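Quick notes on the structure that follows.
The values are calculated or read from the model by the stated rules, or taken from the named source; none is laboratory data. No experiment lies behind these values; they were computed from the predicted model shown. Using ideal geometry, Cβ is built from the backbone for each residue, glycine included, and neighbour counts are taken over all protein chains shown. Just so you know, the surface numbers come from the protein's heavy atoms only, side chains and all, with ligands and any DNA or RNA stripped out. Shrake-Rupley method; radii C 1.70, N 1.55, O 1.52, S 1.80 Å.
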Amino acid sequence: MSTARPITPGLFRDEPDGPRLLAGRCAACSRLHFPATSTCPYCGTADATPAAIGARGTLWLWTVVSTRPPGYRGPVPFGFGVVELADDGLRVVTRLTEADLASLRHGLPMRLVLDTLFTDDEGADVVSYAYQPEHDA
């Protein structure tokens, strides 16, 4: 039986109502940043706390990656883009589950999903976040 592990700890979590990205929220300026860090990249305050975000958004920019980047072990081609999060206004650079350019458009409703990228050398599924068009839900 295969186990699963995140591609990098602290990027996302799977909650009962679906996955969420883990952003940082600054205590001083209240701005969100992703990925989460304890220091705010906007004002420099070292007092950011984790915040679960990103269940839904809209597609803002996109392309398709057709050649495997160095170190990437997932499938190609894959969509890659920027999703503007619905409730948070934050724009997140992300992998997309859709790789057909004709199926992608500005403002397309997207939802956060967890997606297995590959199986590592120890047999564990390596999972990352991605955004999927709502019409595929």
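Accessible surface computed residue by residue for the chain, with neighbouring protein chains in place and a 1.4 Å probe, gives 55 Å² per residue.
Report in % the part of the accessible area of region 1-55 that belongs to carbon and sulfur, leaving out ligands and nucleic acids; probe 1.4 Å. Roughly 54 percent of what the probe reaches on region 1-55 is carbon or sulfur.
Rolling a 1.4 Å probe over the protein heavy atoms leaves D125 with an accessible area of roughly 50 Å². Spin-label model, S30/V65: points 7 Å from Cα along the beta carbon direction are separated by 3.5 nm. Recomputing semi-axes √(5λ) of the Cα gyration tensor in Å from the coordinates shown identifies the correct label among [x] 39, 20, 13; [y] 25, 20, 14; [z] 30, 17, 12 as [y].
By how many nm would the segment from S38 to Y72 lengthen if fully extended, with 0.36 nm per residue of separation less the alpha-carbon distance? Don't skip to the answer; put the middle values down first.
Working: separation 34, 0.36 × 34 = 12.24 nm, distance 2.75 nm.
Result: 9.5 nm gained on full extension.
Less than 5 angstrom separates the built amide H of R31 from those of C26, all sequence-distant by 5 or more or on a different chain.
Using 19 Å as the cut-off for backbone N distance, which residues of region 35-62 belong to the label zone defined by a point 7 Å from the Cα of D17 along Cα→Cβ? So the set is 50-58. A crude spin-label estimate for the pair T8 and T119, with each label 7 Å from Cα along the Cβ direction, gives 2.6 nm.
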